[in-house]
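Inspection log for the structure reproduced underneath, given as structure tokens.
What follows draws every value from the coordinates through simple rules; no lab data is involved. Because the structure is a prediction, the values reported are computed rather than measured. Because the Cβ atoms are built from the backbone with ideal geometry, glycine has one as well, and the counts that use them run over all protein chains shown.
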Amino acid sequence: MRRSDFEYWRDLVWVLLIKEIRLRYKNTLLGYVWSVLNPLAFAAVFFVVFKVFVRVEMENYLLFLICGLFPWQWFQNSMVAANHHFLGNSTLIKKVSFPRQFLVLAGVLNEVFHFAASLPVIVAFLLYYGLAPSWQWIFEIPLMVLLQFAFSYGLALTVATCNLFFRDLERLVGIFTMLWLYLTPVLYSVDMIPARYHWCLYINPMAMLIENWRGVLMRGELAAVPCLVTAGYGLLALWLGQSVYRAKERRFAEIV
Amino acid sequence: MSREAAIAFRHVAKYYPLQNLALAGFKHALLHLPSHLAALWRGERYCALNDVSFEVARGECFGIIGRNGSGKSTTLGLAAGVLKADGGEVEVRGHVSPLLELGAGFHPDLSGRENIILNGVLLGMTRRQVMARVEEIIAFSELGEFIKRPLRTYSSGMIARLGFSVVVHLDPEILLIDEVLAVGDIAFQQKCLAKMESFHSGGTTMVFVSHDLSAVSRICDRVALLQSGRLLAEGPPGQVIGEYTKRIAGG
């Protein structure tokens, strides 16, 4: 059986992605609602805590939260799911030889799909707050998705590989992403951070990303410098993921 | 590698580490640090295969027998490209279809048909190739209406039937078969054996691992006997199987 590699790889990613998406909707009553409900519930709680109780001074705070939490949710889900991309497919890895990183690729693409599916909800909130989607979204959103995808995929590949060899990682990833959320300007804006701490934003890849998502979603504005910084972190993550994966791939079948 | 060989093992060795610090988890690793470090220092490892050499000619059916833990599955894993040799060389010419543990890669929540497409692609076909054969695969599996239902409603025999049906429709060049006859009823076992014989006469190279010695002597041209990771004997089925039963009887 001869096959063109490109056609085969495309099909492999496709069937794995379809499987992930189908499984998400099978056996759950609410299906699509779940992928939207989670960030909305968080947005509601944060709104009550910071706007009603702590009284943060900000216009459209709920919209502000939603525009940050949806992309964040995509990132966090990718990280948490990454723990199981290799570990959860142990029979497959032990028995069949195929490019294993495609399991991670399909997993992260699955989260991209759900993020895209949640965009209408963001649009609904924009309209409710009297704002409108910008025509520039046509190129801004694909670019942002690409930037976040590169960073998520690189990190997910690292997590999926390392979790095979160090199973405590799963717990650490759960705790770490939660802490990371609070250290990233998702619940608060960049101007609330004192100027002398602004350098922190540059060492946090997600800070630039979330700030840019908000610019795009709320105002149709895409800032160049954060894009470049994020692209740099994306390349770094991809390099890290690929090197860890390549170094350890030959041991996968023994360890799962 | 001789011109006609499809698979060649040359002085192949495979080790598995005995101690794995990271897998044990934090607490265990800390509590047992001295013994772990000592084991790492001594480089303790389990030798699954040691200096194993053999060749499987194109179109030949090669049987591997031996007791549990003798290295049979490791040999198949190396031939499938899932495991990598630590010493020596493994050379495989042609596309390998692993018929290992029927239903590996099936998902319980997907229907039989969805699983055929998923499994077919995972085993190396493009979607177009699977689609072209899907009706044929369903007919061969004799699952009827069940094909639309989720796999978790299947009996283990039905899963094995579906798995076998996918693999035999792959047009395999090299077929690796690990204990597939252990599952399924007599009728299904006979069907499997008949299919394997037809592959054999059709020129497919096969490596067959089994504890079913009568099946091995029925379809294999040559048989290898493994014990504790070493190749003890290799030759015509009657002779090697005789050697094996004599050893078992002798304890």
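Peptides A:65-74, A:78-87: what's the order by average Cβ count within 10 Å, highest mean first?
Working: A:65-74: 25.0, A:78-87: 22.2.
Listed from highest to lowest mean packing, they are A:65-74, A:78-87.
Given the pairs A:Lys19/B:Lys72; A:Lys19/B:Lys195; A:Lys95/B:Lys14; A:Lys94/B:Lys246; B:Lys84/B:Lys148, which are separated by over 28 angstrom at their Cα positions? Could the numbers behind the result be given before it?
Working: A:Lys19/B:Lys72 33 Å; A:Lys19/B:Lys195 30 Å; A:Lys95/B:Lys14 17 Å; A:Lys94/B:Lys246 33 Å; B:Lys84/B:Lys148 38 Å.
Those over the limit are A:Lys19/B:Lys72; A:Lys19/B:Lys195; A:Lys94/B:Lys246; B:Lys84/B:Lys148.
Points 7 angstrom from Cα along the Cβ direction at B:Asp51 and A:Tyr25: gap in nanometres?
Simple spin-label model gives 6.0 nm for this pair.
DSSP beta bridges in chain B, what fraction antiparallel, as a percent rounded to 5? Walk me through the numbers on the way to the answer.
Numbers: 20 of 39 bridges.
In chain B, approximately 50 percent of DSSP beta bridges are antiparallel ones.
What residues from the range A:81-115 fall in the zone where the backbone N is under 19 Å from a label point 7 Å along the Cα-to-C-beta line of A:Ala41?
Within reach of a label on A:Ala41, which here means backbone N under 19 Å from a point 7 Å along Cα→Cβ, the range A:81-115 contributes A:81, A:114-115.
To test your reading of the geometry: what angle, between 0 and 90 degrees and rounded to tens, separates the Cα axis of helix A:224-248 from the longest principal axis of chain A?
Roughly 20 degrees, rounded to the nearest 10.
Before anything else, pin down the relative contact order of chain A: Cα pairs under 8 Å, at least 6 apart, normalised by residue count, whole percent.
Values: 259 pairs, mean separation 68.2, N = 256.
Relative contact order of chain A: 27 percent.
Fewest first, what order do A:Ile122, B:Ile7 take by the number of other Cβ atoms within 10 Å?
Working: A:Ile122 22, B:Ile7 25.
Ordered by Cβ neighbours within 10 Å, fewest first: A:Ile122, B:Ile7.
Identify which of B:Ala57, B:Ala187, B:Ala104 has the largest mean-square fluctuation in a Gaussian network model of chain B, with springs joining Cα atoms closer than 10 Å.
B:Ala187
Direction-averaged shadow area of the convex hull around the Cα atoms of the protein assembly as shown, nm²? Present the calculation step by step, with values, prior to reporting the outcome.
Values: hull surface 117.4 nm².
Hull-based average projected area comes out at 29.4 nm².
At B:His95 and A:Leu131, where each label point lies 7 Å from the Cα along Cα→Cβ, what is the point-to-point distance in nanometres?
5.1 nm
If packing is taken as the average count of other Cβ atoms within 10 Å, what order do B:45-53, B:69-77, A:93-101 fall into, highest mean first? Mind dumping the intermediate values first?
Numbers: B:45-53: 17.8, B:69-77: 22.6, A:93-101: 20.6.
So the order, starting with the most tightly packed, is B:69-77, A:93-101, B:45-53.
Rounded to the nearest 0.05, what FRET efficiency do A:Leu172 and B:Lys195 have when you use their Cβ-Cβ distance and R0 = 60 Å?
Numbers: r = 49 Å, r/R0 = 0.81.
So the FRET efficiency works out to roughly 0.80.
In deg cm²/dmol and to the nearest 500, what is the mean residue ellipticity at 222 nm of chain A if only DSSP H runs of at least 4 residues count, each as -39500 (n - 2.57), divided by the residue total? Mind dumping the intermediate values first?
Details: 11 runs with 186 residues, N = 256.
The helix contribution divided over chain A gives -24500 deg cm²/dmol.
Suppose R0 equals 51 Å; then what is the FRET efficiency for B:Lys84 and A:Glu221 from their Cβ-Cβ distance, rounded to the nearest 0.05? Kindly include the intermediate steps, with their values, before the conclusion.
On the way: r = 50 Å, r/R0 = 0.99.
So the FRET efficiency works out to roughly 0.50.
How do B:Lys14, B:Lys148 rank when sorted from fewest to most other Cβ atoms within 10 Å of their own Cβ?
So the residues, fewest neighbours to most, are B:Lys148, B:Lys14.
Please arrange A:Ser134, B:Ser210 by counting, for each residue, the other beta carbons lying within 10 Å of its beta carbon, fewest first. It would help to have the intermediate numbers written out before the result.
Values: A:Ser134 17, B:Ser210 20.
Listing A:Ser134, B:Ser210 from fewest to most nearby Cβ atoms yields A:Ser134, B:Ser210.
Give me the percent relative contact order of the range B:173-251, please, defined on Cα pairs under 8 angstrom at least 6 residues apart.
24 percent
Longest span of chain B, sites excluded, free of GluC sites (Glu not before Pro) in DSSP loop with at most 12 other C-beta atoms within 10 Å?
Looking at chain B, B:45-251 is the longest stretch - no exposed GluC sites (Glu not before Pro) with at most 12 other Cβ atoms within 10 Å.
If you take every DSSP beta bridge fully contained in the protein assembly as shown, what fraction is antiparallel? Give it as a percent rounded to 5. Mind showing how you got there, number by number?
On the way: 20 of 39 bridges.
Looking only at bridges with both residues in the protein assembly as shown, the antiparallel portion is about 50 percent.
Cα axis of helix A:61-87 to longest principal axis of chain A: angle in degrees, 0 to 90, nearest 10?
So the helix axis and the longest Cα principal axis differ by about 10 degrees.
Can you tell me which of A:Val104, A:Val52, A:Val112 moves the most in a GNM of chain A? Springs connect C-alpha atoms under 10 Å apart.
Judging by the Gaussian network model, the answer is A:Val52.
Calculate the spin-label point distance for B:Glu4 paired with B:Tyr16, positioning each point 7 Å from the Cα along the beta-carbon direction, and give it in nanometres.
Result: 3.6 nm between the two label points.
Where the convex hull is taken over the Cα atoms of chain A, what is its projected area averaged over directions, in nm²?
Value for chain A: 15.8 nm².
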